[in-house]
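Read through the structure below, which is laid out as structure tokens, and then see the notes.
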Amino acid sequence: MVANRLGIGFIGSGFVTRFHLQAWLGVRDADVLGVYSPNPEHAAATAGLARELRVGNARAFNSIEEMIAAPEIDCLWLCGPNHLRLQNMQSICDALQSGKGKLIGVACEKPLARNVAEARRMVEMVEQSGLLHGYLEDQMFAPSVTRGKQILWGRAAALTGRPYLARAAEEHSGPHSPWFWQGELQGGGVLNDMMCHSIEVARFMLTKPGAPRSSIHPVKVSAQIASLKWSRPEYAKELQEKMGKEVDYRNKPAEDFARATINYLDEDNNPLIVEVTTSWSYVGAGLRLSLEVLGPEYSLSMNSLDSGLKLFLSRNVSGETGEDMVEKQNAEQGLMPVLGNEAAEYGYESQDRYFVQCFLAGKQPEESFYDGLEVTELLMTAYMSAEQERTIEFKPEGLDSFIPLVARGLWKGR
Ligand SMILES: NC(=O)c1ccc[n+]([C@@H]2O[C@H](COP(=O)([O-])OP(=O)(O)OC[C@H]3O[C@@H](n4cnc5c(N)ncnc54)[C@H](O)[C@@H]3O)[C@@H](O)[C@H]2O)c1
């Protein structure tokens, strides 16, 4: 035991930080005590939300250095935008090196970085810092995923053989902040933004409980990307009006659809297949996470929009647009699925509880920056495959310096 209770500081005060604060209602032994964002009003508002939720007596900080120097802060949750990831991590390392404060661990949101070179740099920095490190992949911690994995492996796979195919998808109608839509800032389009989830949750389901990540290994990747909706003139115009002039999908689109097949081999060289699909061009009730796992005598399926709670609202119920029923909600009328507790059901709650427990015990979490790096390697191989329109053996030459055309503003949408 290195501490009895942890003080947590958040870097970034956006959408995902608010999800973490909701999740914190189910986290023990740690309080949210700080928030840093370059916009002081946002930091103050998010710290206020933490106090209102009673998940910690949080205060706003003016810099990462100041937050690290505060004696009550033990760990950081890195939740800034992708293009500022390295800069944020560098600030953490500089503050620690100059002796301004002490930390136990850092947990970083997905994706670890925008490309392999940056992800390697994240790993180098965290190794030099000596901090414990976690890679925040909430879907691996979703109760339906962990419970499904437990039963599937414990009952079915134990008797009839391991699962051989996992299919995962994440789809919604598009992200909320302009930087997500800009390839150079975000690192790509929907492939980089959301396929990181699907790849990791599918890999998790196919890995025997307790076995190391290396027990199954990727051998080749084939992928495709497309701009199906948002580069159409009428939608490109709508997007620019909403997100600002920098988001110019007529001339500089990013993909709003991506699919990949990843071939793995298991411990005995048997083939395993991961199929993933992601899109920002799906209009349904809201965010749809789906997962299927197939084995010799069993199958599992999950769809986040098949919720147990549904509300029907007639045409006479008209009101403000919002996300009060489901994340990335597209309607406020008709038959709407509702998730009882989104932060818990998507996995944030169990995830944050897990990383707090590891940091409290002084133990390196199993899901770490190394996993974030491997996910980035697979994502970049998928972009290579899509650009070259062929299957690519993993790991391909040149992966460490590869930057997708989308992330260089050079992709033409087909
Ligand atoms: N796990 C998930 O399902 C999930 C969901 C959404 C976002 N994310 C990830 O979380 C991260 C943040 O996404 P978001 O949706 O909160 O974005 P957002 O655009 O809603 O918020 C970004 C926040 O970063 C802050 N920021 C700006 N400049 C900064 C800087 N220099 N240093 C630190 N913070 C800065 C902004 O003020 C804002 O509060 C991204 O990496 C994203 O990929 C993960």
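The values are calculated or read from the model by the stated rules, or taken from the named source; none is laboratory data. Here the structure is a predicted model, which is why all the values come from computation and not from measurement. Neighbour counts run over all protein chains shown; Cβ positions are idealised from the backbone, glycine included. All accessible areas refer to the heavy atoms of the entire protein, side chains included, with ligands and DNA or RNA removed. Shrake-Rupley method; radii C 1.70, N 1.55, O 1.52, S 1.80 Å.
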Selection status of I104, under 16 Å from D352 (Cβ atoms), near the ligand (Cβ under 9 Å from one of its atoms) and touching a helix residue (DSSP H, G or I) at 6+ places or on another chain (Cβ under 8 Å): no
Among the residues of the stretch 194-221, the number that are part of a helix (DSSP H, G or I), in contact with a strand residue (DSSP E or B) (Cβ under 9 Å, 6 or more places away or on another chain) and open to solvent by 10 Å² or more (accessible area, probe 1.4 Å) is 3
Looking at the stretch 30-47, can you tell me whether even one residue there is open to solvent by 10 Å² or more (accessible area, probe 1.4 Å), among the polar types (S, T, N, Q) and away from the ligand (no atom under 15 Å from the Cβ)? no
Name, by its number, the condition in (1) over 28 Å from N192 (Cβ atoms); (2) outside any strand (DSSP E or B) that does not hold for F312. (2)
Restricting to the stretch 168-188, and then to whatever is within 14 Å of the ligand (Cβ to nearest atom) and open to solvent by 20 Å² or more (accessible area, probe 1.4 Å), can you tell me which residue is nearest to W411 (Cα to Cα)? Q182
Some residue of the stretch 370-383 being at pLDDT 95 or above and open to solvent by 40 Å² or more (accessible area, probe 1.4 Å): yes
In the stretch 4-29, how many residues are outside any strand (DSSP E or B), open to solvent by less than 20 Å² (accessible area, probe 1.4 Å) and farther than 14 Å from A343 by Cα? 2
Across the stretch 278-293, what is the total count of residues that are open to solvent by 50 Å² or more (accessible area, probe 1.4 Å) and part of a strand (DSSP E or B)? 2
Between a first residue in the stretch 104-130 that is without any contact (Cβ under 8 Å) to a residue 12 or more places away in the chain and a second residue that is basic (K, R) and open to solvent by less than 40 Å² (accessible area, probe 1.4 Å), which pairs have beta carbons less than 8 Å apart while being 6 or more apart in sequence or on different chains? none
